[in-house]
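Novice: One structure, as structure tokens, below. Some questions next.
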Amino acid sequence: MTSTAAAYYPRSFMARIIFMWLFVILVYFFLHHGMVSQWEAPVLKSPLSDNSFWLLHILNIPQWLSRHYWAALGFDMLLTTACLICIFVPDQRWFTGITVVGVWVLYMGYCTAAGKHYAQIGYLLPPLAFLALSPKKFTLSWQLVRYWVCFLYVSAGLFKLYYGGFSAPDHMSRILAATNADWLPYHADGVQAPVIRYLIEHPGAAQWLFRLATLADLSLLLGFFTRRRDGWLAGILVLFHTANFFLLHISFMEQSLIFAPLLPWARWAAYFQSIKGND
Amino acid sequence: MFLSKLYREWRLMFWCVLLFAAGQCFFMYKGIENVPFFLYHMYAKPHPSADSVTIFAIVQDGKRVNPTRLSNREQELLFNSLGAYLAVRNNSNTDPIDADIANRLAGRVGAGVYQTLFSRLSNSGAALDAYPAWWGRYFRAVFPGQQGAIAVVQTRVSLRPPFALSGQDSLLFNVFVP
């Protein structure tokens, strides 16, 4: 966004890209048996103590959806089609709403079926801003999502300081050992294994990497004071998640959309506009 | 400041944000995650020291099936759900959530409603019995062509180099993949 107070984010341009990005993530889910109709009707549920999950389960939504193949297939098709419509018809709210509700239900359904409460949430947040149609409200919503993303990472850094992971001498090497225990037996060679083994065997080096990661989390604090360093912050997050993927095998694709609020949308929109103008 | 701008230009959203921030603070204080009040505290607590760790493994014809060629999502559905299954099975086939349900709902709703809510939140014995068959179906979907008798086992892996798998497996269940 430009520095003038009255400038708005280019909503239509952004909607096309963000929903295209989300569509790619949905295709990734599809290719990896991650859409509701591909779960083969899971029989166990894990709402844990999360009230939102309780509400959804009390309403019988994830159980009913995942156990009725045609309903699940209909849900997957509706979500994917709504997302596609958002790319080609960005200035509407109905299909944006369907997409937003759809990805949150998909997320919660997946978490409960997998018994995992900390699945990646990157693809849930940016689409929310597009529920606002007017340029002014969209711009404010997008900024809110941006602050939310900054908050999540800063809080992650603060938790690491507060709970002592940052100061523990061999925290990271233990995480690496435990996370890779079922990975290393199958990957004796290659590029990754020697690096992971080195870090497990050198807790000091691994712990400095963890401290760097904590600083990367905390660097998002800058995002509360200025938008001028967003490019740097996006770069830091990309590095952070690439390292997570490389060392801990945490999915990069699902989380990637979380970088979006830190990208230079106004500059990109102006660039594409100028190309269009030249044509 | 952004909040004052929000207050001037979109008052309803301003109050929603304040409410959300209050909720976030509350749940952070209580230490419970309630979507969308995410708690980003993964890997924050010092990891306990251990010489070995228990993992799940898939065995077919005496050989281990390599699960790491699956995506995160596929691995999580196959293996994390095993953790949830074991949590119930090792708790005398009683879902650990049952105590929470009783704590939160018993006496606050009628007996009939309680039974309905209970069945929607808790894993029953029938669900537990049906789990291996579901696991087999999902296995078949993510490992096409890998048919036959499959054993799902727990085994220990040393956390010291060379990260050897212990030879002793403890069987969770057998499943036949057609």
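Novice: If I compute solvent accessible area with a 1.4 Å probe over the protein chains, what percent of it on the range A:173-259 is carbon and sulfur?
Specialist: Details: 2820 of 4070 Å².
Of all accessible area on the range A:173-259, carbon and sulfur atoms account for 69 percent.
Novice: Could you pull out every one of the aspartates and glutamates with an alpha carbon less than 17 Å from that of B:LYS45, ignoring same-chain neighbours closer than 8 positions?
Specialist: Filter leaves A:ASP170, A:ASP217, B:GLU33.
Novice: Span-like helices, chain A: DSSP H, alpha-carbon axial extent 27 Å or more, mean Kyte-Doolittle 0.0 or greater, which ones?
Specialist: Helices passing the filter in chain A: A:11-31, A:69-88, A:94-114, A:135-162.
Novice: So how compact is the range A:1-120: Cα radius of gyration and Dmax in angstrom?
Specialist: Considering the range A:1-120 through its Cα atoms, Rg and Dmax are 16.3, 54 Å.
Novice: Under the rule of -39500 (n - 2.57) per DSSP H run of 4 or more residues, summed and divided by the residues of the protein assembly as shown, what mean residue ellipticity at 222 nm is obtained, to the nearest 500 deg cm²/dmol?
Specialist: -17500 deg cm²/dmol
Novice: Continuing with the same structure: Hey, how many Å between the Cα centroid of the range A:134-164 and the Cα centroid of the range B:1-62?
Specialist: Here the answer is 11 Å between Cα centres.
Novice: A further question on this structure: Pop out the ³J(HN,Hα) list for the range B:103-109 in order, Karplus 6.51 cos²θ - 1.76 cosθ + 1.60 with θ = phi - 60°, rounded to Hz; leave Gly and Pro as x.
Specialist: Residue by residue, the range B:103-109 yields 4, 8, 10, 4, x, 9, 10 Hz.
Novice: Hey, could you get me the Stokes-Einstein D for the protein assembly as shown, Kirkwood radius over alpha-carbon pairs, 37 °C and 0.692 mPa s, rounded to whole µm² s⁻¹?
Specialist: It comes out at roughly 137 µm²/s.
Novice: Next question, about the same structure. Shape verdict for chain B, please, from the Cα gyration tensor: rounded (a/c under 1.5), prolate (a/b greater than b/c) or oblate.
Specialist: prolate
Novice: Taking 8 Å as the Cα distance limit and 6 or more residues as the minimum spacing, I'd like the relative contact order of chain A as a percentage.
Specialist: Rounded, it is 23 percent for chain A.
Novice: Here is a follow-up. Given axes a ≥ b ≥ c from the Cα gyration tensor, I'd like to know whether the range A:75-137 is rounded (a/c under 1.5), prolate (a/b larger than b/c) or oblate. Show your work: numbers first, answer last.
Specialist: Details: a/c = 3.20, a/b = 1.73, b/c = 1.84.
Oblate is the answer for the range A:75-137, as a/c is 1.5 or above yet b/c matches or exceeds a/b.
Novice: Could you order the peptides B:56-62, A:37-43, A:245-251, B:35-41 from most to least packed, using the average number of other C-beta atoms within 10 Å per residue?
Specialist: A:37-43, B:35-41, A:245-251, B:56-62
Novice: Taking the range B:2-43 on its own, what percent of its Cα-Cα pair distances exceed 17 Å?
Specialist: Cα-Cα pairs of the range B:2-43 separated by over 17 Å account for 41 percent.
Novice: Here's a follow-up. Using only protein heavy atoms and a 1.4 angstrom probe, determine the accessible area buried between B and A, summed over both sides, in Å² to the nearest 100.
Specialist: 7000
Novice: Would you tell me the accessible area of B:ARG137, worked out with a 1.4 angstrom probe on the heavy atoms of the protein chains, in Å² to the nearest 10?
Specialist: 80
Novice: Show log10 I(q)/I(0) for the range B:30-74 at q = 0.17, 0.21, 0.23, 0.28 Å⁻¹, two decimals, from a solvent-free Debye sum over equal Cα scatterers.
Specialist: For the range B:30-74, the Cα-only Debye profile gives -0.87, -0.94, -0.96, -1.03.
Novice: Ok, one more. Which distance in Å, rounded to a whole number, links the C-alpha centroids of the range A:59-129 and the range A:167-230?
Specialist: After rounding, the separation between the Cα centres reads 32 Å.
Novice: What does the average come to when, for each residue of peptide B:46-58, you count the partner chain Cβ atoms lying within 10 Å of its Cβ?
Specialist: Whole-number average of other-chain Cβ neighbours for B:46-58 is 4.
Novice: For the range A:84-230, take every pair of Cα atoms, bin their distances at 5 Å starting from 0, and report each bin as a whole percent.
Specialist: 2, 8, 12, 13, 14, 15, 14, 10, 7, 5, 1, 0
Novice: If you don't mind, there's one more thing I want to ask. Rolling a 1.4 Å sphere over the protein heavy atoms, what is the accessible area per residue of the range B:1-133, to the nearest Å²?
Specialist: 53
Novice: Which ³J(HN,Hα) values in Hz, rounded to whole numbers, follow from the phi angles of the range B:19-26 under the Karplus curve 6.51 cos²θ - 1.76 cosθ + 1.60, where θ = phi - 60° and Gly and Pro get x?
Specialist: 4, 4, 4, 5, x, 4, 4, 4
The values are calculated or read from the model by the stated rules, or taken from the named source; none is laboratory data. Computed from a predicted model, the values in this text were never measured in an experiment. All Cβ positions, glycine included, derive from the backbone under ideal geometry; neighbour counts span all protein chains shown. Areas reflect the complete protein model, heavy atoms only, side chains present, ligands, DNA and RNA absent. Shrake-Rupley method; radii C 1.70, N 1.55, O 1.52, S 1.80 Å.
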